[in-house]
Amino acid sequence: MQISSDSRMLKMHSILFWMFTIFLLVRGNTQNPKAEVTLEEEFTEDLLLRPLPDGKVLSHFHFIHKLPQARSYGGHHSLFPKAIFQLVKKFHVKEMELSFTQGRWNYQRWGGFDAIAAFNAKPVGVELWALFDVPKAEVDATWGNLTHALSGLFCASINFLESSTSVAEPSFSFKLDEHWIEGNDTCDSNLGTEKSMNCKQKKHFKEWQNAASITFTEGGKISRGTLSSNRQLGQLRYGALPREAVCTENLTPWLKLLPCRDKSGLTTLLDRSIVYNGFYHSLRLNIKSGQLAEGGILLRQSLTLVLLPSRQERNQKQGSSVHHAVQPQNWSLFSLFGKRLASGCPLAKSSHVSVELVGGFIEQLKEVDQSTIVVEETHLNEQTQSLERNPEYSVDAGSNIGVDPDLQTFESKSMPEVFLPAGEIQTETSLIESDGKLSLGNGLELDLRSNKLFSLSPMPGRILREVKELLPHYGSSKKSSFILEYELQMNKSFPFDVGLSWRINKPLKWSPIRAPFRISRFLVGSGNARGTITTIFKANLAQNFISATSIHENLCRSLQARLLHKKESLQGKDVEIRDESCSAIKDDDAVEGIDVIIFQIVPWYVRMYWHTLTFVLDGNLVPFWNLATVMRLVPAKDRQSPAMMELGIQIPANTVSLTFTIEFDKGFLHIDEHPPDANRGFDIPAAIVSFPGYYSKVQYEYMHNTTLGPFIPSFLQTEKKPMPVYTEILLMQLATPDFSMPYNVITLTCTVLALYFGSLLNVLRRRIGEEERRSTKLGDSTKAGKLKLIISRYLGKTGDKMYSNLTSPKVSKLSRIFIVVIVAVAAHYMLNLGK
Amino acid sequence: MEEVQQEQPTPSEKPIRSRPPGCKRLLVTLSVLISVVAGIPFWWKLTEVYRAPLPFTEIEEHARKASNTALGLPCQLQVIFAIPPENFDEAFWIDGLLQDLATSIHQQAKNIISKQHNGSDCCGSNIGVLVSLDAGEICRRHGQIENRMIWPCGLVQSGILESSFGSSDEVADELLWSFSRQSANSETQINSGWPVGRDGGLYTIVVLHNLGSDDRTNLRTVIGKHRHAWISGMNLKTPLRKEELTTLIANVGAIFLGADASMMGKVREGNSTVPDVAGESMPLAADGTAVLSFSLLNANPTDWIFMWDFEKVEELFLAPIIEAMAPFAQLTVESQVLYYTPKAIQSRWDAGQRTHIVASKDFPFFVNANEWHLDTSIAAAGRSKLLHFAIYIPAAQECPLHLKLASGRLSSTNGFTSPGWGGVIIWNPPSCKMEGKQAVQMISLQDLEPVVEVMIAQLRTLFGLPATSFTNKNKKIFGVPTLETGFAKWELDVLLRRRAYADIAASTSTLASLSRLVQSLPNMVIKDEISDQVRSSLKAGATAHKNALLGAYMGTAEAARKARAWAEAAFFHPSIMSLLYFPTEHHFAIYTPFFVPVLLHTSVSVFKEVSRYFREREAFLRHKQRT
């Protein structure tokens, strides 16, 4: 490339010519032109703390790197990690997720149906899936290279995922959101809000079923890769290493991707011994390329920890560990991590610490002590409150992060009909300023500054409240969750610590948001020949099982209330109100049950009998196709690929328990196919059960006027994703051979063969008649052979005189020892000679 | 044995037999023994590992050839004496003089090369000299140059000399270059059959007649950025001090051939702690690629954060260099900005210089391997080579940070190199005051320019060239600085030659090691692939030799590169790595249980049968005798 500007040439020349002789002048113009500062790359850090029902505290670190397309040419970045950029470019990664997990997420106690659990509850070990943007023929090679690159990058044995025996190509069960988001534009034509919603919901379901059923009908013989409608099929790979141990050598490279590493910012809290002594620990790395509005790459890194506050802070109130009813635990950043936050990362666009108080917790607080909660006059019920928020202050997540088109269209297209003018709402609902008051709905509110329940310090900068969605958000509690937000850039009072200490001494009993079912998977059967994999779904009826119909009833009621309200406010105007909406919903949308998709990979040496798939519904055996809606099976190929099952079922409403079993035979492995420590057993990766009808998406709004600009906690900046639940990992005992077996076999067979050979040769060779003749001729007296002679001598009897003269027992013993020693030395020498 | 001994007590009455002993059983036992013995080669063949035949003799021959006769890339010197016609003295420039000059320059150049360097990458034996006299209409030549584009006569007539040599060196350089180009264009049509890369290896030295007195102060040598140099200030009219002239010309020639001391990295800028490694290995991977990784290190971002627009830097400064180096090195560029990267050593405040100082003895400890995550590149696969260039921005508390040389001066470049690793440059913010926290500042291109120049100089150093263009003030030799590319063409030739030689040497030594390894490990499996790779490597090596004889620089370098790449591929083939552990104990454990009992049975029975046969035969013979 030629630079032809004359002036430039001259200048360069002079500089080059003198650069070794002239000292670099310290220039006078300190003011660098600020206009040049175009930092389009973005990095944010977030920490969410959530007290859990069992006294532990969930800490969720979330870091987001955004690299717009414009900055991705040439690969020169100032914040975005070079390694990840190169990875994406080299392997054409469209989307990828890698997680390292230690400990098992307790879905019952810690929640299984919120945004955190949906994305961060991961199976033990390593899980990796990637979607490539390469021709299908090259996907396997690219996957192999990617696993190698990642194992180098993260110091883990991810390269074991290269072999096709542990990798599957899911079609419809995985990344289901693609199906659900596509193609809902056509449905919005009928304008009624509830109608449109219904329509969409149904369409989604249909679409999913269509996509899936294509598989089944086309691949009546159940073969791989028949789902032509899904363009991603064949470009997605999924693999899991349940046995991978996760430790600091994985955390350090993960931290290296952050601009501040663990030198400043939220990551300074991460003391290795605390992180790895926690109850749950999950490192996650998610890459999306071409997903931002302008293309580019989005990198999310998150670390989810479940920790118990240290003992000093838990003080005298050493609570009994009764299930779900423990003494409230005091906690603070210091008690969790042993240190306070000293600074934020100076490179982060924003650093936030948030404390989430989930709905169930708020509700419990209300029950514990009504007296502390101020009753405020209001006539609006909860749903309408949430709907009548001022859109100006709502956190409209959809607008800048491209999420949840459903909600967006729902609001933008349909809501204006029913929405009230902003001014009126303000007068009526009196938005709470950031005065530390939580409005709990039904006119109750909780003052964070002064209440008899607990004290929180310091006061949050802003408070966000969950927006109750009209879409069936399954299992959510009746109360809204709150997020108390602390912005660290603004907060000059470092060191920063946030904590919650209790003033009451009563046990609190509350539940997190749970999935509709509690799912566990285990092995049945004994012996090394066969067994059964059983998966049990138990309905979480207890508190938050709201059947779909009840959701719709709620929806109807809220809509009616709103319409009524609207009627009042827009008096005189002719507004068409459809009162029949509720009944229409009920008729139209006869909800039969809950859709569930089970995705399961089984290694080839577990030989599944697919015809033995059975369902037991509340104790009764039901025909398979009564529940199953769609199924895709990929049978295993020995030493090539695992068996994969994708099964869509519809569980009827009001089901208490469902058992799903399948029988298998255990295969035999070659001796060199066993892993080290084969007697421990073989880990079978976790199955993924997802609920396609229900999303992890939650919306929050500010409870008060804010001037700081919209803030969306980064953990909420997620795409819509059907709720996944990971089952346990199975540990299967196979018939493990004795590894010295080859030698035993060799020795045994050789001995038998040698015996056979020797006796055959003797039979062929010996002359029985001649020997008999000779023995009779010579007589018995002198017949005592040399052997007999020796034996008798050893026994101490002096036999033949000729020998007794020559040798004594001592000499013979000595000679024996001598011979043994010579043989041993010779053998040793020969063996050493060979080396 | 028993039977034999049983018969011993009665030796007097030896048994006799009337019939000859049968040999049926003897044959049975013998046939068993024979089949066992016959099975041994078969068993041997079965247990043998597969070893593809390797051309051991060819490898040895190749190695011998490479060590004896160097890759004969030819270099040619063309010396032009340009004398204006009015100053031309016919009597003095007799025919014999040119020949005389040619031989003596040749001899001198050889002497210098052999004195300075025992290697062969300076065209050691293959130097041609052409001396021509250009005095207007008179044009004489002496010497032989094959397949080359020699400069035509007419330099004096073209008027370039008068017009240009009064002005700056750069202009003169460009004018000479354009003159040679013109002539090349006019002659290309005539001789179109030249090998590729023909302009490498031909160096022109123009000796200009100076009208002034024979004063030595006017004597001046300038080395252009292409492949020519000129010597001015020499009076060519009066009888020459021939010895002096030829020495001077031969010295310039030696510089072109890369044999000058400074070109070999022996004399270096004081800021470098580099030992002499030039010529031995270039910082390149086996396949001639390297990744230049540029890192901007913000030692303490809480003080200030600096960023750069590296895309522009690459576009403006680095791209031309990479393009220029393409014939012998495929370089790629990547960059990153890192934060919280303190250096590993403490600086101290020097009140006299009013700056923080790092002494030269601490340079080796400057790089902080724990905190500087310079990282290997994912983009570069396999055994690739990374060269790091770290631009270090000190924290505010040690802001004017300078490197202090062993001589006590502050380093003018404020950087140092580490051979094979890369270079470090300290960049101090223009003003060491903190101006408002956390304002991200962009380093402007003007500020970056000197840094980039230092980086280019470091790159030159890493490749074994002097940091700047060649200059020797004592000998009054000056180099024309190379602006865009950073490397003069003749320097690139030197590097190309070095690389070709190094490649050939590496390929032969790798192949020799491979053959030694293979011969020393009889249990090793050798796949056909390895054999193919070895053959390809040998073939490429032979091609390189052939091309070198033809004088095709590019072809030689390419073939040498391939030879090395193939050799390395063969040596690092994964199947060689996974040599099976097959100990002697294993052999014993497997073969003893069967073979020992079987062989024991067989040999004992054969012994018994044979001995019985002879005994019985004796008995029969005795019987026969009696009868």
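If amide hydrogens are placed 1.01 Å from N in the peptide plane, which non-local residues have theirs closer than 5 Å to the one on A:SER641?
none
Take the residue pairs A:LYS66/A:LYS90; A:LYS89/A:LYS256; A:LYS56/A:LYS339; A:LYS339/A:LYS452; A:LYS349/B:LYS343; B:LYS65/B:LYS489 and return only those whose Cα atoms are more than 24 Å apart.
On the way: A:LYS66/A:LYS90 19 Å; A:LYS89/A:LYS256 19 Å; A:LYS56/A:LYS339 17 Å; A:LYS339/A:LYS452 28 Å; A:LYS349/B:LYS343 26 Å; B:LYS65/B:LYS489 30 Å.
Beyond 24 Å between Cα atoms: A:LYS339/A:LYS452; A:LYS349/B:LYS343; B:LYS65/B:LYS489.
So for the pair B:GLU323, B:GLU174, with labels modelled 7 Å out along Cα→Cβ, what separation do we get in nm?
1.7 nm
Amide H neighbours of B:GLN330 under 5 Å, counting only residues 5+ apart in sequence or on other chains, H built in-plane at 1.01 Å?
Here the answer is B:THR289, B:ALA290, since their amide H atoms fall under 5 Å of that of B:GLN330.
So how do B:MET442, A:MET741 rank on accessible area, 1.4 Å probe, biggest first, that is with the largest at the start?
Largest accessible area first, the list is A:MET741, B:MET442.
Buried accessible area for the B:A pair, summed, 1.4 Å probe, in Å² rounded to 100?
7500 Å²
How big is the accessible area of B:GLU315 in square angstrom, nearest 10, if you roll a 1.4 angstrom probe over the protein chains?
Accessible area, nearest 10 Å²: 100 Å².
The values are calculated or read from the model by the stated rules, or taken from the named source; none is laboratory data. Remember, it's a predicted structure, so these values are computed and weren't measured experimentally. Cβ: placed from backbone, ideal geometry, glycine included. Neighbour counts: every protein chain shown. With ligands, DNA and RNA removed, areas are computed over all heavy atoms of the protein, side chains included. Shrake-Rupley method; radii C 1.70, N 1.55, O 1.52, S 1.80 Å.
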